[in-house]
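A.B. asks: Input: one structure, supplied below.
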Amino acid sequence: QVQFVESGGGLVQPGGSLRLSCAASGIIFRIYAMGWYRQAPGKQRELVARINIHGSTNYADSGKGRFTISRDNGKNTVYLQMNILKPEDTAVYYCNTFPEQEDYWGQGTQVTVSS
């Protein structure tokens, strides 16, 4: 049974930073490209960043220069370092394979950027 467990979210002021983690189980993690996705209230879920099996990364325009995705295959974990956070980054953040597998969505972690 595949499971992704996200953590690290919280309430942060504009300009602050957070590091999200996603622990994977039930899959051979190292052979999957992984992505971080987010869903803001009233909006569709969107891809924020992705990383392939070789460590190459790609970012949505919204996070370029502010977000960094990384992975640790030894720990079956993918990370998202988010800096210079903005109120529009407020959302529930999820990890999943890239492209996503519908059955793999976890509970996500809430990120709220507000003063």
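The values are calculated or read from the model by the stated rules, or taken from the named source; none is laboratory data. Given the structure is predicted, the values throughout are model-derived calculations rather than measurements. A quick note on method: Cβ atoms are made from the backbone with ideal geometry, for glycine too, and the neighbour counts reach across all protein chains shown. What goes into the accessible areas is simple: the full protein's heavy atoms, side chains included, and nothing from ligands, DNA or RNA. Shrake-Rupley method; radii C 1.70, N 1.55, O 1.52, S 1.80 Å.
A.B. asks: Can you give me the relative contact order of the chain as a percent, contacts being Cα pairs under 8 Å and 6 or more apart? Don't skip to the answer; put the middle values down first.
C.D. replies: Details: 281 pairs, mean separation 42.4, N = 115.
About 37 percent, as a whole number.
A.B. asks: So if I restrict to the alpha-carbon atoms in the chain, what is the Rg, and what is Dmax, the biggest pairwise distance, in Å?
C.D. replies: Answer for the chain, Rg first and Dmax second: 13.1, 41 Å.
A.B. asks: Which whole-angstrom value gives the distance between the alpha carbon centres of region 80-110 and region 19-54?
C.D. replies: The distance from the Cα centre of region 80-110 to that of region 19-54 comes to 7 Å.
A.B. asks: To continue, here is another question. Using a 1.4 Å probe and counting only protein heavy atoms, arrange L47, L11, L85 so the residue with the most accessible area comes first. Show your work: numbers first, answer last.
C.D. replies: Numbers: L47 55, L11 130, L85 5 Å².
Accessible-area ranking of L47, L11, L85, largest first: L11, L47, L85.
A.B. asks: Any chance you could run the full-extension gain for R30 through R45? It's 0.36 nm times the residue separation minus the Cα-Cα distance, nm to one decimal.
C.D. replies: Details: separation 15, 0.36 × 15 = 5.40 nm, distance 2.45 nm.
Difference between extended and current length: 3.0 nm.
A.B. asks: Write down the accessible area per residue of region 1-51 in Å², having rolled a 1.4 Å probe over the full set of protein chains. Please list the in-between numbers first.
C.D. replies: On the way: 2820 Å² over 51 residues.
For region 1-51, the per-residue accessible area is 55 Å².
A.B. asks: Turning to a different aspect of this structure: Which trypsin sites (Lys or Arg not before Pro) in region 42-115 sit in a loop by DSSP (not H, G, I, E or B) and have at most 11 other Cβ atoms within 10 Å of their own Cβ? If you can, show how the numbers build up before the last one.
C.D. replies: Working: sites: K43, R45, R50, K64, R66, R71, K75; in loops: K43, R45, K64, R66, K75.
Those that pass, being in a loop and sparsely packed, are K43, K64.
A.B. asks: Here is a follow-up. For K64, give me every one of the aspartates and glutamates with a C-alpha distance below 15 angstrom, ignoring sequence neighbours fewer than eight places off in its own chain.
C.D. replies: E46, E88, D89
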